[in-house]
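Everything below concerns the one structure shown next.
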Amino acid sequence: MVSSTMRRARRFTAWSLLSAVVLVPGIPAVLAVVEAARGDNGWPLALAAVGCCGLLFATARHWAGTPPRGLLVATCAVALGVSAAALAHDVIFPWPMPLATAVGLLTMYARGRRWRVLAAGLSVVVALPILLGPSPSKAPDQTIGALVVTASVTVTCVLNDWVWRQFVELDDARRIAGELAVANERLRFAADLHDIQGHTLTLIAVKSELARRLVEMDPSAAAAQMGEVEALAREAVTDTRGLVHGYREVSFAAELANAAAVLTAAGIECHYASPPPLPDRAGTLFGLVVREATTNILRHSAATTASIDVSADGRRLTIRNDGATQGKRPGGTGLAGLDARLRGHGGELRASAGLGVFEVVARLDVADRTEAPA
């Protein structure tokens, strides 16, 4: 859909260019008609001048693209013929006007070869008074006048084309910026949805498996686990709705406690200490890291112990676990997305594996955490 700004820009460019193309060769055409009406032998030139105006106008109407080659050749040939005839017969006729307009249009359309086309056109303009001028003494003045008219018309045509191209590029840039904003928002939403559903579904799977094992040995404990599964499912629904409406925030303390509870329920010994006070944005980002790391421990490791540590200054979060699976690349799409998110706030995330230990380290500068936008 074309915006109203582009419609106005198109109208402005069309009117400014077409009016110049009509007026410049139109003035000598009108003079030729008036002169023909007063005499007996001026009608062929007058009709040729009027026809030349029509061809120039038809050629200029393709200003936003490229005219057919045949139309362009015919227009240039007729314009050259009219100007040459008017100059050779020394009639009351501003002879450079049709040829100057044709050179301007031809230069405008030759977007990749403008200087060569303009040089060729100016050469013809200079040569005509010398070859066909009725008086050699008038040739210098006629040449200078023709060059001034040709340069003026050419600048008008090329400038209109340049202005239009700038409008098109700005409109394309605005459209691309809008598409990038939509794409970034989709990526953000996908990352948040992954954080919610991936973690919750993993936890539901763990508790469901535990309930299945307890159903015969301890039915009451199995029922309790299924009750927690139901609560988790309801919580996931609530979080998803909150995400859709843009209201969801991750609490680091809640995520830390939840991660410890989940890992303990899965038989993994979890060590952590109470974290120092964190700004809201830092707590949100570190909470997402804890959530993703916990999900990865449950899915991709045979861990028996895990630890979650936050440095005293609140700048560094470290999560370690043993039982790292061999032969797999550290990290994944979830951690990569979190790394990009942290970098957007002046931080970074690194994941590494060695000697059976997997480690995730997230860093975030205090100033960036408190001042970066959400």
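How much net charge surrounds A120 when only other residues with a Cβ under 14 Å from its Cβ are counted (Lys, Arg +1; Asp, Glu -1)? Show your work: numbers first, answer last.
Values: positive: R113, R114, R116; negative: none.
That sum, taken over residues with Cβ under 14 Å, equals +3.
Take the Cβ-Cβ distance between D313 and L355 as r, set R0 to 30 Å, and report the resulting FRET efficiency rounded to the nearest 0.05.
Details: r = 28 Å, r/R0 = 0.94.
Using R0 = 30 Å, I get an efficiency of 0.60.
Kindly express, to the nearest 10 degrees and within the range 0 to 90, the angle between helix 219-244's C-alpha long axis and the longest C-alpha principal axis of the chain.
20
Report, in degrees rounded to the nearest 10, the 0 to 90 angle that the Cα long axis of helix 280-300 makes with the longest principal axis of the chain.
70
Can you tell me the orientation of helix 114-132 relative to the chain, as the angle in degrees between its alpha-carbon axis and the longest Cα principal axis, to the nearest 10?
Compared with the principal axis, the helix lies near 0 degrees.
Would you compute, from DSSP H runs of 4+ residues alone, the mean residue ellipticity of the chain at 222 nm, taking -39500 (n - 2.57) per run and dividing by the full residue count, rounded to the nearest 500? Don't skip to the answer; put the middle values down first.
Values: 11 runs with 264 residues, N = 374.
Helix-only estimate at 222 nm: -25000 deg cm²/dmol.
Grab the beta carbon distance between A120 and R8, set R0 = 30 Å, and tell me the FRET efficiency rounded to 0.05.
The computed FRET efficiency comes out at 0.25.
Quick one, what does Rg over Rh come out to for the chain if you take C-alpha atoms and the Kirkwood Rh?
Working: Rg = 38.7 Å, Rh = 27.3 Å.
The Rg/Rh ratio comes out at 1.42.
Go through 108-114, 50-56, 147-153 and give me the packing order, highest mean Cβ count within 10 Å leading.
50-56, 147-153, 108-114
Within segment 45-91, what whole-number % of the accessible surface is contributed by carbon and sulfur, with the 1.4 Å probe and all protein chains included in the calculation? Present the calculation step by step, with values, prior to reporting the outcome.
On the way: 1480 of 2140 Å².
The value for segment 45-91 is 69 percent carbon and sulfur by accessible area.
Starting from the Cα gyration tensor of segment 18-140, take the square roots of the eigenvalues, sort them a ≥ b ≥ c, and report rounded, prolate or oblate (rounded when a/c is under 1.5, otherwise prolate if a/b is larger than b/c, else oblate). Display every interim value, and only then the final one.
Numbers: a/c = 2.44, a/b = 1.33, b/c = 1.83.
Note, shape of segment 18-140 comes out oblate.
Relative contact order, percent, of the chain when contacts are C-alpha pairs under 8 Å separated by at least 6 residues?
On the way: 466 pairs, mean separation 37.9, N = 374.
Result for the chain is 10 percent.
Rounded, prolate or oblate for segment 194-298? Axes are the square roots of the Cα gyration tensor eigenvalues, ordered a ≥ b ≥ c, and the cut-off for rounded is a/c under 1.5. It would help to have the intermediate numbers written out before the result.
Values: a/c = 2.51, a/b = 1.51, b/c = 1.66.
In terms of gyration-tensor shape, oblate.
For segment 1-135, what is the relative contact order in percent, using Cα pairs closer than 8 Å and at least 6 residues apart in sequence?
On the way: 132 pairs, mean separation 30.5, N = 135.
Reported relative contact order: 23 percent.
The values are calculated or read from the model by the stated rules, or taken from the named source; none is laboratory data. Please read these numbers as outputs of a predicted model, since none were measured by experiment. Glycine also receives a Cβ, built like all others from the backbone with ideal geometry; neighbour counts cover every protein chain displayed. Note: accessible area is taken over every heavy atom of the protein model, side chains too, but ligands, DNA and RNA are not part of it. Shrake-Rupley method; radii C 1.70, N 1.55, O 1.52, S 1.80 Å.
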